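One structure below.
Computed from the coordinates by the stated procedures, all read-outs in this text should not be read as laboratory data. All of these numbers come straight from a predicted model, not from anything done at the bench. Ideal geometry is used to build each Cβ from the backbone, glycine not excepted, and the neighbour counts take in all protein chains shown.
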2 protein chains.
Amino acid sequence: VEEADDKQTADFINDLTAAEIARLLSAFPPKERVALWALITPENRGHVLVASSDNIREQLLSQMGAKAVLRICRTLSSSDMVWILSVVNDTIAEAVTLALDNEQREQVQSVLAYDEDQVGRYMNLDTVTIRADVRLEVIQRYLRISGGLKHGNHDLMVVDIDGVLVGTLNVIDLLNGEQSAQVSEYMNEPQSIFDTASVDELMVYSRAAHLNFVPVVDGEGVLLGQINAEDINELSIERAEATMMNMAGIGENSELFSGIRSGVQNRSTWLGINLITAFLATWVIGQFEEVLAQVVALAILMPVVASMGGIAGSQTLAITVRGLAMGQIVGSNRSWLLNKELWIGLINGLVWALVVALLAHLWFENSAISTVIGAAIWINMAIASIAGVIIPMVLHRMGQDPALSGAVILTTVSDVVGFMSFLGLATVFILQ
Amino acid sequence: VEEADDKQTADFINDLTAAEIARLLSAFPPKERVALWALITPENRGHVLVASSDNIREQLLSQMGAKAVLRICRTLSSSDMVWILSVVNDTIAEAVTLALDNEQREQVQSVLAYDEDQVGRYMNLDTVTIRADVRLEVIQRYLRISGGLKHGNHDLMVVDIDGVLVGTLNVIDLLNGEQSAQVSEYMNEPQSIFDTASVDELMVYSRAAHLNFVPVVDGEGVLLGQINAEDINELSIERAEATMMNMAGIGENSELFSGIRSGVQNRSTWLGINLITAFLATWVIGQFEEVLAQVVALAILMPVVASMGGIAGSQTLAITVRGLAMGQIVGSNRSWLLNKELWIGLINGLVWALVVALLAHLWFENSAISTVIGAAIWINMAIASIAGVIIPMVLHRMGQDPALSGAVILTTVSDVVGFMSFLGLATVFILQ
């Protein structure tokens with residue numbers, strides 16, 4: 001509030017690392033965040049924005065003109081600039097790009113040319129390239145003179161005269177190796193990925209092989225850049241969290257400390273979709289008005305059938321979604337999986353059908369009602385279990401995110417099947 | 001099937017990395033997995049088990065005696081051995097520990113003494129310690145002779161004569177730095193964590209500061225081990241996925257390719273808990289039998305109220321759980337958050353209350369019913385939104401996992417509040 005206070009706060013903040021400042025900003029409501037932002041020194045601002053989430057980056061950049069954005073970009077590498085330029089509006093992005101020197105402009109434009117879900121968009125351009133026939137001690141001297149090896153980059157790229165990637169040399173081998181030996185004696189086979197591959201493919205690939213970095217090459221094998229451990233780590237946590245958020249029916253970019261307006265907006269889509277499916281279930285119930293009017297116990301017990309099917313299905317959905325993310329689901333094991341889930345659904349369904357039937361009988365002392373609810377639970381849990389495997393597999397094959405729409409489709413299935421089987425059986429066996 | 005085939009398969013498998021073999025094993029059903037396991041060479045087995053998930057490690061180790069387990073442990077470092085010894089039964093673990101040499105036995109026992117959620121349990125003991133007053137070139141020679149710096153370890157620990165951690169030296173600085181200068185000129189302040197800290201604390205700490213490794217020290221600051229980037233990465237992905245699984249009502253250790261029996265078991269707990277909450281909701285409905293018997297439209301529309309509240313609540317729950325995992329929720333911003341969520345709930349609730357009331361009116365042409373359902377939706381969505389913030393915060397403060405029981409408590413709240421407000425208002429305003 002007072003100037004002396006501000007000065008002290010500013011000193012405290014600017015002593016933190018960029019990542020720590022970014023986290024601090026994220027824990028403040030939007031208005032206070034802008035006030036804090038004003039205290040951050042110009043040389044810190046760029047790195048803080050790069051370490052921030054998309055939303056916060058957008059919020060803070062939305063208030064700046066081309067000049068301010070350019071000043072921020074000048075403190076960053078080409079790869080980091082991309083994070084800034086992809087969230088500002090096109091006019092500003094163009095103005096900033098034009099003001100860069102030729103090399104940087106080309107680099108930035110080449111990265112921005114990729115789609116947001118392509119590997120090329122995320123690659124780091126600060127690769128250190130070396131030749132296979134050079135001695136380790138020469139490499140060490142070269143690194144010291146050039147200062148090219150940055151923190152967080154633990155691998156040198158070995159390329160041939162055409163720029164084609166032929167291997168990689170880890171810094172640990174560079175340190176431990178016989179210094180008079182050539183690079184070729186210590187280099188590893190490159191496990192690279194194409195620039196046009198999807199981020200999904202990158203995640204499955206790097207996770208399966210526990211890769212700490214992945215060189216990015218074009219169709220001819222020419223080295224374009226590399227994905228570092230830090231990027232892989234961040235992308236995979238973001239992905240896992242996005243899955244969790246999507247399954248809970250909320251956009252993955254929703255922030256805890258966004259304003260009320262954006263909070264209302266980012267929840268509306270799924271509330272709307274949910275309303276449609278809820279009315280679909282309601283319409284199904286409406287078809288059985290007659291039996292509901294006659295036997296009020298059916299209205300009372302109805303939610304149990306839908307809810308048990310819903311849980312059984314969402315359990316299967318969750319492990320299938322994770323299996324897909326890990327690349328575990330491949331051709332030959334699909335039918336084994338389906339078969340297994342059918343059995344689990346049938347066994348669990350039978351067990352819980354008996355329990356529910358017993359409880360319903362103790363309550364209403366009507367064997368027709370207990371039999372009907374037992375049968376409906378069994379049918380619904382078995383079908384929901386299978387749906388929990390089939391729905392995400394089909395969505396995945398269609399190129400959709402299985403977590404995003406999987407949960408809502410599944411709920412619809414378990415509601416409709418549950419109400420239909422329960423009230424349908426009741427109509428046949430109880431309605432007089 | 002034929003021997004020649006097996007030989008070829010075995011050669012193919014054993015040429016893969018341990019991580020790749022582990023992934024391959026995870027994509028096979030249990031029976032086929034055991035057949036594949038038999039083809040893996042003894043020297044690969046230990047590393048494959050370490051790279052596998054808990055469940056698979058348990059499955060494969062459950063068939064081995066003490067001798068086989070010891071043979072596997074002999075190929076591993078002390079830190080890796082812990083992964084094996086913590087899933088075999090106590091008799092075997094003891095027999096194996098006794099057969100180790102003194103140094104290894106002490107190391108293994110010291111790590112096994114920590115709880116499963118303590119940082120000490122996950123620390124790597126292969127630290128490379130150096131002194132601050134040594135020249136970089138001497139360090140380089142020492143590393144080459146000792147071969148102590150392993151792949152994946154990019155930081156040397158600088159300790160004083162008492163073993164107290166005084167700094168860390170990154171390999172990039174070791175390479176780029178002036179070789180005749182002393183370590184002290186290039187070392188960083190250590191950002192360490194106590195051995196008795198929880199894994200949760202480690203995650204929040206390393207994520208907030210974007211740390212790539214964390215030294216582990218005891219209460220006196222003496223270096224005990226370190227957590228490497230790979231471990232941090234794996235722990236954080238596991239955590240994010242566990243949250244997703246827990247919110248879907250299934251244990252985090254559930255595997256896609258587990259057998260039918262364990263599949264039935266690991267889903268039963270939550271099905272049982274869900275049944276209790278479903279019957280609680282049902283009991284609430286049962287209290288309004290009279291009005292339900294008189295106005296069948298109430299039974300038909302009932303699920304819409306519960307479902308809209310459920311989605312609104314689970315959206316808030318998901319972003320609160322993520323905020324807690326990121327350490328964003330701290331004292332001062334709690335009330336701001338609660339206030340914000342209340343407003344979002346009130347605004348969204350009002351919008352959807354009007355939509356539902358209109359739809360209900362078009363269907364049943366009864367203004368009492370439309371008014372009652374609108375009011376109930378508004379009440380339920382507002383309360384569910386607040387519950388979505390309060391429930392995980394309280395669970396977190398109680399030291400519980402907010403994702404695990406949060407979803408089920410929230411569903412109970414939105415069901416009970418939804419049915420009670422809808423049928424209660426109907427009893428007051430519609431019942432004749």
Exercise. How high is the relative contact order of segment B:208-277, in percent, counting Cα pairs under 8 Å that sit 6 or more residues apart?
Worked result: 17
Exercise. Roughly how crowded by other chains is peptide A:235-246, in terms of the mean Cβ count from those chains within 10 Å of each of its Cβ atoms?
Worked result: 6
For this session: Apply the Karplus parameterisation 6.51 cos²θ - 1.76 cosθ + 1.60, with θ equal to phi minus 60°, to every residue of segment B:98-108 and state each ³J(HN,Hα) to the nearest whole Hz, in sequence, with x for glycine and proline.
Result: 5, 7, 7, 6, 3, 5, 4, 4, 4, 4, 4
Exercise. Helix A:199-208 sits at what angle to the longest principal axis of chain A, using alpha carbons and giving 0 to 90 degrees rounded to 10?
Worked result: 90
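Would you mind ranking A:M398, A:M203 by Cβ crowding within 10 Å, fewest neighbours first?
A:M398, A:M203
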Seminar exercise, completed: Heads up, chain A by the C-alpha gyration tensor (a ≥ b ≥ c square roots of eigenvalues; a/c under 1.5 rounded, else a/b over b/c prolate, else oblate) looks prolate
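Looking at segment B:16-121, which GluC sites (Glu not before Pro) are in a loop (DSSP not H, G, I, E or B) and have at most 10 other Cβ atoms within 10 Å?
Filter output for segment B:16-121: B:E116.
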Problem set entry | Distant-in-sequence amide H partners of A:V166 (H built 1.01 Å from N, under 5 Å) | A:V158, A:V159, A:D160
Exercise. For segment A:373-427 and segment A:290-342, what is the separation of their C-alpha centers, rounded to whole Å?
Worked result: 5
Exercise. Relative to the other copies, what are the label-point distances for A:L235, with labels 7 Å from Cα along the C-beta vector, expressed in nm at one decimal and sorted shortest first?
Worked result: 2.4
Exercise. Looking at segment A:218-254, which GluC sites (Glu not before Pro) are in a loop (DSSP not H, G, I, E or B) and have at most 16 other Cβ atoms within 10 Å?
Worked result: A:E220
Exercise. Which whole-number percentage describes the relative contact order of segment A:21-127, with Cα contacts under 8 Å and a sequence gap of 6 or more?
Worked result: 22
Problem set entry | Whichever lysines have a C-alpha closer than 27 Å to that of B:K67, once near sequence neighbours (fewer than 8 apart) are set aside | B:K7, B:K31
Seminar exercise, completed: Phi angles of segment B:90-96, converted by Karplus (6.51 cos²θ - 1.76 cosθ + 1.60, θ = phi - 60°) into ³J(HN,Hα) in whole Hz with x for Gly and Pro, give 4, 4, 5, 4, 5, 4, 5
Exercise. Helix A:42-51 versus the longest principal axis of chain A: what angle, 0 to 90°, nearest 10, using Cα atoms?
Worked result: 40
For this session: Could you calculate the contour length gain from B:E94 to B:R334, that is, 0.36 nm times the residue separation minus the distance between their Cα atoms, to one decimal place in nm?
Result: 81.6 nm
Problem set entry | Over chain A: helical MRE at 222 nm, DSSP H runs n ≥ 4 each giving -39500 (n - 2.57), nearest 500 | -21500 deg cm²/dmol
Exercise. When the Karplus curve 6.51 cos²θ - 1.76 cosθ + 1.60 is applied with θ = phi - 60°, which whole-Hz ³J(HN,Hα) does each residue of segment A:365-373 get, with x for Gly and Pro?
Worked result: 6, 9, 5, 5, 4, 5, 5, 5, 5
For this session: DSSP loop (so not H, G, I, E, B), at most 16 other Cβ within 10 Å: list which GluC sites (Glu not before Pro) in segment B:130-200 pass both filters.
Result: B:E178
Exercise. Taking Cα atoms, how many degrees apart are the long axis of helix A:136-146 and the longest axis of chain A, rounded to 10 and kept between 0 and 90?
Worked result: 80
For this session: May I ask you to report, in nm to one decimal and beginning with the shortest, the distances from B:W336 to the same position in the other copies, taking label points 7 Å along Cα-to-Cβ?
Result: 5.2
Seminar exercise, completed: Listed by chain and number, the residues whose amide H is under 5 Å from that of B:I227, excluding neighbours fewer than 5 places away on the same chain and using placed H, are B:N124, B:V214, B:V216
